[in-house]
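The values are calculated or read from the model by the stated rules, or taken from the named source; none is laboratory data. Computed from a prediction, not measured in an experiment: that's the story for all the values here. FYI the Cβ positions are ideal-geometry reconstructions off the backbone, even for glycines, and counts take in every protein chain you see.
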Amino acid sequence: MKILAKLFGQEEHQIMTSRFVGELISLTTSNLLKSLPSIGVSVLLTKLRILHQAYRLFLKRKTSFFEKSDPLKATTRSPSKGYIDLKSHSHRHVVPDEYLLQSK
């Protein structure tokens with residue numbers, strides 16, 4: 001299986017190209033158990049890449065930090081939590097007050 005995705009911006013300027021090449025396999029218990037380590041590593045590396053980019057933006061480029069705003073009244077939230085959400089809430093990050101901007 002091959003998937004090619006191209007992202008275009010204004011005036012049809014290509015911003016990004018992403019390609020996925022994979023092999024379809026049947027979803028058996030054995031195949032699932034074999035794939036669990038690679039899924040865990042993929043999630044971990046993705047989170048590390050996000051944190052690395054946040055570090056570069058926040059500390060090196062001195063980009064302002066804005067807390068997440070409250071959702072709109074008509075917004076519904078999913079009752080289920082994702083893997084990263086469960087791990088993220090197991091500990092709290094402390095950020096010095098001088099780095100926080102008051103959005104109110």
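Name the residues in region 34-71 that are hydrophobic (A, V, I, L, M, F, W, C) and modelled with pLDDT under 85, would you?
Phe58, Leu59, Phe65, Phe66
Which residue is farthest from the chain's Cα centre (by Cα), if the candidates are limited to region 23-70 and must be aromatic (Phe, Trp, Tyr) and in a helix (DSSP H, G or I)?
My answer is Phe58.
Please determine, by comparing only the residues of region 72-104 that are of a type in the set (A, V, I, L, M, F, W, C) and closer than 27 Å to Leu36 by Cβ, which one is modelled with the highest pLDDT.
Ile84
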